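The values are calculated or read from the model by the stated rules, or taken from the named source; none is laboratory data. None of the values given here were measured: they were computed from a predicted structure. Cβ sites come from the backbone with ideal geometry, for glycine too, and all protein chains shown count toward neighbours. Accessible surface areas use protein heavy atoms only, side chains included; no ligands, DNA or RNA. Shrake-Rupley method; radii C 1.70, N 1.55, O 1.52, S 1.80 Å.
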Amino acid sequence: MEYIRFTVLFIAGFYGISKLKYIQNAGLDNKTLFTLFTIKVLAGIATGLVSIHLFNSASDYIAYNNLGKIETDNLFHHPKVFFTDIFISNYETYGDVFGTSKSFWKDLGPNIILKILGIFNIISGGSYYVNCLLFNMIAFVGNIAFFRFFKAIYPEHSMSIIVGCFLLPSTLYFCSGIHKDLFIFTALGIFSHAFLSSLLKGVSVKKIVVIFISFLLIFFIRNYIAVILLPCTVFLMISYKSEIKLQKIFFVAILAFFAGLFIMEKLNLQSNPLKIITERQASFIALGKANTDYHYEILAPTINGFAKAFPSAVRRSFLSPLPFEFKGLMINLLTLEMCFYLLLVVILILFRKKENWRMNNFILFGMIFTTLIFLIIGYSITNAGSVVRYRSIYLPFLIVPILCNIDWNNVKAFFSKKKIYITYQ
């Protein structure tokens with residue numbers, strides 16, 4: 001019965017998606033859409049299979065699905081509880097917005113997912129794989145949004161954009177399972193494209209609503225991301241309207257930020273942003289030892305403490321995992337992915353297009369936003385597996401510009417010459 005339900009919903013789901021005007025306006029033919037949608041759904045299925053057979057169901061993906069069944073039971077037998085308990089704090093307070101434990105706001109993201117699962121279970125019967133299909137019908141719109149975002153900037157590079165928005169291994173894997181990552185990726189893609197469209201084509205009520213809802217979803221699920229996204233968006237808008245270079249705006253903002261930190265530190269104020277990151281690190285350490293733990297030091301919530309940890313944070317977030325750094329099949333598959341990205345950087349340096357970089361404020365916005373998020377990840381996450389998962393959401397902002405600025409014709413010509421030379425010898 002589960003297979004029949006999955007097959008029927010898959011066919012109906014793709015048919016419905018392919019008829020959406022937003023999807024059709026991406027300019028992808030139905031064959032390509034079907035292939036990409038199938039790959040995404042298969043990736044979501046893979047997260048379940050790996051969780052069950054490799055981790056013996058001890059993963060958040062399966063845990064979410066099981067907890068969702070409780071919400072379905074509440075929906076049928078205790079509807080008042082189902083519709084109201086998401087607004088009730090279990091900790092007698094609604095403060096500590098950025099708290100990492102015993103916080104209403106920290107629990108809000110998982111609770112949103114569970115409520116959605118509670119409704120989806122009516123259709124899926126509680127099956128992880130059917131639920132995964134339903135979630136990816138929504139998430140696929142996020143992939144399309146990222147595609148449309150970059151297509152507006154690099155209109156002649158559809159294939160590179162498809163690879164960067166749909167086929168990056170860790171992004172595909174982690175953003176296709178039943179988890180917060182899927183929602184953040186989807187909301188971030190929709191937010192980015194709607195904001196770009198507003199600046200390039202004009203504002204409308206519909207776009208404002210889309211921007212607001214997607215931003216709110218990001219804030220509810222992982223609020224620190226929204227805190228970074230908001231100033232980045234404001235700075236982009238200022239730069240676009242005033243023609244001041246975005247780099248200059250960010251440079252001034254960073255100087256102001258550090259000046260503020262210095263003043264807070266000297267005045268010994270409690271509201272220090274660095275303290276939030278140290279608390280995130282502490283909460284991660286409290287989860288227990290993992291097989292891919294780094295050798296880490298406890299962060300001190302001071303400028304000096306973060307300066308000392310800066311090289312390690314950069315290495316973890318931008319370079320890890322490195323070859324032979326950890327043992328285990330999964331982490332070493334992810335190592336191969338990182339090696340591929342580093343190879344892309346080398347190819348970009350050697351075979352960059354002769355014309356200037358196709359770089360504009362929208363690309364800079366994505367790269368700066370991603371860099372800031374990566375630094376928070378590097379500072380606060382203490383094991384490589386989690387770093388890869390958290391980092392995967394933002395990879396399109398870095399990888400797509402690299403792919404689109406490599407002169408692939410020169411790369412092909414170079415290796416063709418080498419092949420001819422070797423054959424001749």
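The table that follows gives values for the structure above.
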read-out: Mean Cβ neighbour count within 10 Å, used as a protection proxy, ranking 179-186, 91-98 highest first; value: 179-186, 91-98
read-out: Percent carbon-and-sulfur accessible area, segment 162-299, ignoring ligands, DNA and RNA, probe 1.4 Å; value: 71 percent
read-out: Over the chain: helical MRE at 222 nm, DSSP H runs n ≥ 4 each giving -39500 (n - 2.57), nearest 500; value: -25000 deg cm²/dmol
read-out: Whole-Hz ³J(HN,Hα) from phi, Karplus 6.51 cos²θ - 1.76 cosθ + 1.60, for segment 365-381, glycine and proline x; value: 4, x, 6, 5, 4, 5, 4, 5, 5, 4, 5, 4, 4, x, 6, 9, 9
read-out: Dimensions (Å) - segment 249-305, Cα atoms, principal axes, largest first; value: 41, 26, 16
read-out: Of Lys19/Lys40; Lys206/Lys275; Lys80/Lys102; Lys180/Lys206; Lys180/Lys275, pairs whose Cα-Cα distance is over 29 Å; value: Lys206/Lys275
read-out: In order through segment 234-249: 3J(HN,Hα) via Karplus (6.51 cos²θ - 1.76 cosθ + 1.60), integer Hz, x for Gly, Pro; value: 4, 5, 4, 5, 4, 4, 5, 7, 9, 6, 7, 4, 4, 4, 5, 5
read-out: Mean Cα-pair separation over length for the chain, i.e. relative contact order, pairs under 8 Å, 6 or more apart, %; value: 17 percent
read-out: Karplus (6.51, -1.76, 1.60) ³J(HN,Hα), θ = phi - 60°, over segment 280-292, in Hz, Gly and Pro reported as x; value: 5, 4, 4, 5, 5, 4, 5, 5, x, 6, 10, 5, 10
read-out: Accessible surface of segment 1-96 [probe 1.4 Å, protein heavy atoms]: carbon and sulfur percent; value: 65 percent
read-out: Alpha-carbon radius of gyration plus Dmax, which is the widest Cα pair, for segment 301-416 in Å; value: 16.1, 54
read-out: Estimated dipole of the chain in Debye, rounded to 20 [Cβ of Lys and Arg +1, of Asp and Glu -1, Cα centre]; value: 1220 debye
read-out: Å² per residue, accessible surface of the chain at 1.4 Å; value: 51 Å²
read-out: Among (i) 24.7; (ii) 19.3; (iii) 22.4, the entry that matches mean projected area of the Cα convex hull in nm² as calculated here; value: (i)
read-out: Solution diffusion estimate, µm²/s, Stokes-Einstein, segment 143-251, Kirkwood Rh from C-alpha pairs, 25 °C, viscosity 0.890 mPa s; value: 165 µm²/s
read-out: Dipole moment magnitude, nearest 20 debye, segment 246-381 about Cα centre, only Lys, Arg, Asp, Glu C-beta charged; value: 340 debye
read-out: Global geometry of segment 84-155, whether rounded, prolate or oblate, following the gyration tensor of its Cα atoms and the 1.5 cut on a/c; value: oblate
read-out: Added length on full extension, which subtracts the Cα-Cα distance from 0.36 nm per residue, Lys354 to Lys308; value: 12.7 nm
read-out: Amide H contacts of Asn383 (H built 1.01 Å from N, under 5 Å, at least 5 apart or other chain); value: Tyr294
read-out: Residue-span extension gain [Ile88 to Leu336] - 0.36 nm each, minus C-alpha spacing; value: 84.8 nm
read-out: Among 320-328, 113-121, 255-263, 135-143, the order from most to least packed when residues are scored by Cβ within 10 Å on average; value: 135-143, 113-121, 320-328, 255-263
read-out: Dipole of segment 1-118, positive direction: furthest Cα of Gly27, Phe76, Thr93, with charges on the beta-carbon; value: Gly27
read-out: For segment 115-192, average projected area of the Cα convex hull in nm²; value: 5.2 nm²
read-out: Highest to lowest packing among 369-380, 43-54, scored as the average C-beta count within 10 Å; value: 369-380, 43-54
read-out: Added length on full extension, which subtracts the Cα-Cα distance from 0.36 nm per residue, Lys201 to Asn291; value: 27.5 nm
read-out: Accessible surface of segment 364-404 [probe 1.4 Å, protein heavy atoms]: carbon and sulfur percent; value: 75 percent
read-out: Ser283-Ser158 FRET efficiency (beta carbon distance; Förster radius 35 Å; 0.05 resolution); value: 0.25
